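First up is the structure itself, then whatever we jot down about it.
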Amino acid sequence: MWLQRLPWWVILVVLVPAVLRAQELRGTRPLGMGHAYRSISTGNESIYYNPAGITAIPRYSPEFHYAFNPDRALHEFDLSLVDSLTNAVGVGLGYNFSNREPGDETVRGHRATVAISYPIVHGMFHLGTGFKYLNIAHALTGTFVNALTADAGLMLTPGLGLSFAVVGYNVIPITTSEAPLSMAVA
């Protein structure tokens, strides 16, 4: 059969995006790069998209941002701090508040994340995990989520401008559409 003659990576590149459902992108740089951002996630957004990226570039970085999307009536506030400069283990702390009011469906959510990253091979192979506390209320459905879940990621940067990543989101399953069990490959 012709499918058996294809290299394994061609099958992976074609089939994986159709199967995987990763979390929604937020922030200017992740939105601009699409799902590829997960493989080079080196800013404070690493806390949310690929915790392995915290140690990819040693730094101490506090950040704050506010975003408004009029199409979705979305207000978002984010505060984060990453430190991968003072220790071999990188740590990121993040707090996110979002308020969506499209029509009658109001969704308010608090997300607090603690992420840890370790360079298995410094500058080339990184492993990370993030623990998230979610407090999300849906006004229309009357559902309320108050749960703990986790993300796990790997990042490989072999050089020549190449970068690869695998990230699992909400690997401790919880029952909400705001945090589905999912993964991404970039």
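The values are calculated or read from the model by the stated rules, or taken from the named source; none is laboratory data. Nothing here was measured: the structure is a model prediction, and the numbers come from that model. Every residue, glycine as well, gets a Cβ built from its backbone with ideal geometry; the counts of neighbours run over all protein chains shown. Keep in mind that these areas ignore ligands, DNA and RNA; they rest on the heavy atoms of the full protein, side chains included. Shrake-Rupley method; radii C 1.70, N 1.55, O 1.52, S 1.80 Å.
Is there a residue in the range 46-56 that is farther than 22 Å from THR157 by Cβ and either in contact (Cβ under 8 Å) with a residue 24 or more places away in the chain or of a type in the set (Lys, Arg) (or both)? Steps first, please.
As a first pass, look at the range 46-56 and keep what is farther than 22 Å from THR157 by Cβ: none.
Taking every residue of the range 46-56 in turn, none turns out to be farther than 22 Å from THR157 by Cβ and either in contact (Cβ under 8 Å) with a residue 24 or more places away in the chain or of a type in the set (Lys, Arg) (or both).
Looking at the range 64-119 only, could you name the residues that are of a type in the set (A, V, I, L, M), in contact (Cβ under 8 Å) with a residue 60 or more places away in the chain and open to solvent by less than 60 Å² (accessible area, probe 1.4 Å)? Show your work before the answer.
To start, the set of residues in the range 64-119 that are of a type in the set (A, V, I, L, M) comprises 67, 73-74, 79, 81-82, 85, 88-89, 91, 93, 107, 112, 114-116.
If we keep only those that are in contact (Cβ under 8 Å) with a residue 60 or more places away in the chain as well, we get 107, 115-116.
Scanning the range 64-119 gives VAL107, ALA115.
Can you tell me which residue in the range 120-146 is surrounded by the most Cβ atoms within 10 Å (Cβ to Cβ), limited to those that are touching a Lys or Arg at 6+ places or on another chain (Cβ under 9 Å) and closer than 27 Å to ALA165 by Cβ? Walk me through it before giving the result.
So the first thing to find is which residues in the range 120-146 are touching a Lys or Arg at 6+ places or on another chain (Cβ under 9 Å), and the list is 132-139.
Okay, now just the ones that are also closer than 27 Å to ALA165 by Cβ, so 132-134, 136.
Working: LYS132: 23, TYR133: 14, LEU134: 20, ILE136: 20.
Checking each candidate, the answer is LYS132.
Take the conditions open to solvent by 40 Å² or more (accessible area, probe 1.4 Å) and either aliphatic (A, V, I, L, M) or touching a strand residue (DSSP E or B) at 6+ places or on another chain (Cβ under 8 Å) (or both) and apply them to ILE174. Does it pass?
On the way: open to solvent by 40 Å² or more (accessible area, probe 1.4 Å): no; either aliphatic (A, V, I, L, M) or touching a strand residue (DSSP E or B) at 6+ places or on another chain (Cβ under 8 Å) (or both): yes.
Spelling it out, it is not the case that ILE174 is open to solvent by 40 Å² or more (accessible area, probe 1.4 Å) and either aliphatic (A, V, I, L, M) or touching a strand residue (DSSP E or B) at 6+ places or on another chain (Cβ under 8 Å) (or both).
Would you confirm, using the coordinates I've provided, whether ALA165 is open to solvent by less than 40 Å² (accessible area, probe 1.4 Å) and free of Cβ contacts under 8 Å to residues at least 40 places away in the same chain? Lay out the reasoning, then the answer.
Working: open to solvent by less than 40 Å² (accessible area, probe 1.4 Å): yes; free of Cβ contacts under 8 Å to residues at least 40 places away in the same chain: no.
Taking the combined requirement at face value, the residue does not satisfy it.
Which of the residues that make up the range 80-118 are at pLDDT below 90, of a type in the set (D, E, K, R) and within 16 Å of ASN146 (Cα to Cα)?
The answer is ARG108, and nothing else.
Which of the residues belonging to the range 147-162 are among the small types (Gly, Ala, Ser) and buried (at least 20 other Cβ atoms within 10 Å of the Cβ)? Show your work before the answer.
Filtering the range 147-162 down to residues among the small types (Gly, Ala, Ser) leaves 147, 150, 152-153, 159, 161.
The one that is among the small types (Gly, Ala, Ser) and buried (at least 20 other Cβ atoms within 10 Å of the Cβ): GLY153.
Could you tell me how many of the residues in the range 51-63 are touching a Ser or Thr at 6+ places or on another chain (Cβ under 6 Å) and open to solvent by 40 Å² or more (accessible area, probe 1.4 Å)?
Final tally of qualifying residues: 3.
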